[in-house]
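Peer 1: Would you mind keeping the following structure in view while I ask a few things?
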Amino acid sequence: MADIAPSSGASARKPLYEARPAPAGPCNALPMPKITYIDSEGTTRTVEGEVGATVMETAIKNNVPGIEAECGGACACATCHVYVDDAWRAVVGEPSPMEEDMLDFGFDVRPSSRLSCQIKVTDELDGLVLRTPERQA
Ligand code: FES
């Protein structure tokens, strides 16, 4: 049978386990940015978005109606079309040329139109307000 007692030189050895920072969890997690989706009938849904996810992914994860996302976020379908509230347009930014091209296929496109799969959730977008069109393309 093996002797499991430490030998006399055990304290000089490298420890088997080293302390690591506590993983992120409910006790030390940062607040998540809140995003409000308003549908064409005026129903408001506010959900928490994960930083790094897209506004489209956040909608799908939270069962927000009005965003279909048929291409899964590849900027190839325009069924994730949203209107960015005027107060947020400068923060959200303008669409890329590729997104603008795809928006041409959207329904009732306006100057505030964006494809929600092309908007990344950041801490700066906490409080973002979006509207979904009457229907997707
Ligand atoms: S999910 Fe298809 S363009 Fe956004």
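Read the figures in this text as sums done on the coordinates, not as results from a lab. Keep in mind the model is a prediction, meaning the values are calculated, not measured. Note that we place each Cβ from the backbone using ideal geometry, even for glycine, and neighbour counts take in every protein chain shown.
Peer 1: Based on the alpha-carbon set only, what is the convex hull volume of the stretch 31-125 divided per residue, in Å³?
Peer 2: With only Cα atoms used, the stretch 31-125 gives 95 Å³ per residue.
Peer 1: Ok, one more. Tell me, what is the percent relative contact order of the stretch 31-125, built from C-alpha pairs under 8 Å that lie six or more residues apart?
Peer 2: Relative contact order for the stretch 31-125 comes out at 34 percent.
Peer 1: Another question about this same structure. Amide H to amide H, which residues 5 or more places from A53 or on other chains are under 5 Å from it, using H placed in the peptide plane?
Peer 2: V121
Peer 1: Can I ask one more? Cβ neighbours within 10 Å, averaged per peptide: list 65-71, 104-110 in order, most packed at the top.
Peer 2: Taking the mean over residues of other Cβ atoms within 10 Å, the ranking is 65-71, 104-110.
Peer 1: Could you give each residue of the stretch 123-134 its phi-based ³J(HN,Hα) in whole Hz, using Karplus coefficients 6.51, -1.76, 1.60 with θ = phi - 60°, and x for Gly or Pro?
Peer 2: 4, 5, 8, 4, x, 3, 10, 10, 10, 9, x, 4
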